[in-house]
Amino acid sequence: MAINKTSDLSFKVEEYTDRDYPHLLDMYDLFSPKGKFQGMPPVDGVTRRKWIRRLTDEGLNFLAWQEGKVIGHLVLLPDFNKFDAEYLIFVLQLARGKGVGTKLTRHALTWARLHGIRVVWLTVDTYNFRAIHLYKKFGFNFPEPFEHTPERLMILRIGEEAR
C-alpha cells in the first residue's frame with residue numbers, strides 16, 4: 001500500500017482483491033461519462049458488471065482508495081506468451097488531475113517490470129490530451145505518425161520508461 005497526498009486529495013493504492021468488487025461497482029456506477037471511448041465503461045448496468053468481472057478475472061487490477069471509496073482503477077491484461085500487457089485506466093472525475101493516474105500507473109509498471117513484461121500498450125482517444133500527457137510522462141510513445149483517427153495506439157517498452 002502506498003499513500004499519496006496531492007492537491008488536498010489523500011488516497012492509497014492497493015492491488016484488487018475479490019472483497020473489493022462492490023466498491024469497484026460503486027465507482028463505475030458514479031463514473032462519467034460512461035461509454036464515451038470504445039464503449040467503456042459500458043452504459044448498461046448488467047453489461048458493465050460483466051465487463052468489470054472480466055477485467056477482475058483476467059487482469060491484474062490496482063485500485064486508488066479515498067475514505068473507503070474507489071476513485072481510480074487500473075488494469076493490466078498480460079499476455080505472458082508475448083511478454084506484453086494491455087493497459088486500461090479509469091479515474092473518477094473528482095479525482096482527475098490530482099496524481100491518481102500517476103500513482104496507479106507507477107504501481108502497474110513496477111509490477112510489469114518485475115513480472116517480465118517487455119511491452120505495455122494502450123489505445124487512447126486522439127484528443128484526450130490529459131491522458132496522453134500522463135502516458136508520455138511514463139515514456140509511452142505513438143509508434144505511427146499522426147492521423148485523424150478517433151483513437152491511437154501508444155506503447156511503452158519496459159526498460160525505456162521514465163521513472
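The values are calculated or read from the model by the stated rules, or taken from the named source; none is laboratory data. If you're wondering where the values come from, they're calculated on a predicted model, not measured in any experiment. FYI the Cβ positions are ideal-geometry reconstructions off the backbone, even for glycines, and counts take in every protein chain you see.
For the stretch 117-130, filtered to residues that are at pLDDT below 95 and outside any strand (DSSP E or B), the residue that is nearest to Met154 (Cα to Cα) is Thr126. So, of the residues in the stretch 138-156 that are more than 20 Å from Met40 (Cα to Cα) and exposed (fewer than 14 other Cβ atoms within 10 Å of the Cβ), which turns out to be modelled with the highest pLDDT? Looking at the filtered set, the residue picked out is Asn141. A Cβ distance below 8 Å, combined with a sequence gap of six or more or placement on separate chains, defines the contacts here; from the stretch 140-156, residues that are in contact (Cβ under 8 Å) with a residue 40 or more places away in the chain reach residues that are β-branched (Val, Ile, Thr) in the pairs Glu151/Thr123; Glu151/Val124; Glu151/Thr126; Leu156/Val119; Leu156/Val120. Taking the conditions (1) within 14 Å of the chain's Cα centre (by Cα); (2) touching a residue at least 12 places away in the same chain (Cβ under 8 Å); (3) part of a helix (DSSP H, G or I) in turn, Arg113 satisfies each one other than (1).
Evaluate the stretch 49-63: report whether one residue or more is among the small types (Gly, Ala, Ser) and in contact with a helix residue (DSSP H, G or I) (Cβ under 6 Å, 6 or more places away or on another chain). First the steps, then the outcome.
Looking only at the stretch 49-63, we keep the residues that are among the small types (Gly, Ala, Ser), and these are 59.
Among the residues that remain, those that are also in contact with a helix residue (DSSP H, G or I) (Cβ under 6 Å, 6 or more places away or on another chain) are: none.
The answer is no; no qualifying residue exists.
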